[in-house]
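Working notes, structure below.
The values are calculated or read from the model by the stated rules, or taken from the named source; none is laboratory data. What you see is a predicted model; the values in this text were computed from it and never measured. With ideal geometry, Cβ positions are generated from the backbone for all residues, glycine too; neighbour counts draw on all protein chains shown. To get the accessible areas, we keep the full protein, side chains included, count just its heavy atoms, and leave off ligands, DNA and RNA. Shrake-Rupley method; radii C 1.70, N 1.55, O 1.52, S 1.80 Å.
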Amino acid sequence: MNFTFFLVRLVAIFTVWIVLWNMMRKKSIEEDLNGGTQNFFDMVRIGTGFVVAMGISSSLSAWDWVMSIDTHWFSTMFGWYMFSSWHVTGLATITLTVLLLKDKGYMQYVSDSHLHDLGKFMFAFSIFWTYVWFAQFLLIYYANMPEETIYFLERWEGHNKVYKAVEILNVFMNFFFPFLIMMTRDAKRTPIFLKICCFFVIVGHYLDFYQMIMPGTVGPHGGFGLVEFGTVILFASAFVYVVSTELTKASLVAKNHPLLEESLHHDI
């Protein structure tokens, strides 16, 4: 019964995400074809519902897919923790995609001000992730309850040295490096610094999820080998294929968007 309920929730979460994404995509293409403001306001309503659905389903998925691995451990902040990791990684992926398209001659209308905004988002949500990471750690450290502290003991002192090294890299790659790289205004407007920051964020949050999952699944047998690197290559290749294919199916410019002119002349 529990396994069935788990599968039902998994299918329901993915169904909600895919249906709402398809609705947004359809309205966006209709706006490109027909113009007007109706599709824009429809997307605002769908997007509002998507935010609510994502807020609920992201926590449910965090509990089901990751926190349930450590059966007797729990954290009231874990939903936010996993969401913040998703969010900043998504921002880094978007930023890197925009920069690569710009290098290939597309999206030349993206200005330094647009890049500055993307850099600020990465900077801000790297700090937000760190806040949630440290708050979760501090609450568990302060309470010192065995069923909670075991989570950090396994990753810091138990199993093998790989987890301790990854835990240190986790903090450096997801906070210190993005914080130091993106601190200045000029860095947020410089493509090479943005690319470096994106690299650290994406790799760093892979390590973040590695730390969440591997100690509870394989214990002392964790490490990095063909399975880990092969899985990364497989999913990265699938992602690049799907995104590049979808980008060819519609205009890269939302040409009939009612706020397009304001966006093109965005200046900060």
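Name the residues in the range 170-221 that are of a type in the set (S, T, N, Q) and in contact with a His (Cβ under 8 Å, 6 or more places away or on another chain), would you? First the steps, then the outcome.
Taking the range 170-221 and keeping what is of a type in the set (S, T, N, Q), we get 170, 174, 184, 190, 211, 217.
Asn174, the sole residue that qualifies.
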*Might you check whether a residue that is touching a Gly at 6+ places or on another chain (Cβ under 8 Å), part of a helix (DSSP H, G or I) and either exposed (fewer than 15 other Cβ atoms within 10 Å of the Cβ) or not charged (D, E, K, R) (or both) occurs anywhere in the range 128-139?*
no
*Looking only at residues in the range 169-195 that are open to solvent by less than 30 Å² (accessible area, probe 1.4 Å) and not hydrophobic (A, V, I, L, M, F, W, C), which one is nearest to Leu115 (Cα to Cα)?*
Lys188
*What are the residue pairs meeting all of these: first residue in the range 256-268, first residue over 18 Å from Phe40 (Cβ atoms), second residue open to solvent by less than 100 Å² (accessible area, probe 1.4 Å) and in a helix (DSSP H, G or I), Cβ atoms under 7 Å, and 6 or more apart or on different chains?*
Asp267/Ser113; Ile268/Ser113; Ile268/His116
_Six or more apart or on different chains, Cβ atoms under 6 Å: show the pairs whose first residue is in the range 1-21 and in contact (Cβ under 8 Å) with a residue 12 or more places away in the chain and whose second is surrounded by 10 or more Cβ atoms within 10 Å (Cβ to Cβ) and among the aliphatic types (A, V, I, L, M)._
Val16/Ala53
_I'd like to check something: does the range 157-165 contain any residue that is farther than 20 Å from Val203 by Cα, among the aliphatic types (A, V, I, L, M), open to solvent by 20 Å² or more (accessible area, probe 1.4 Å) and without any contact (Cβ under 8 Å) to a residue 40 or more places away in the chain?_
no
*Looking at (1) closer than 29 Å to Met182 by Cβ; (2) in a helix (DSSP H, G or I), which is the only condition Tyr151 fails?*
(1)
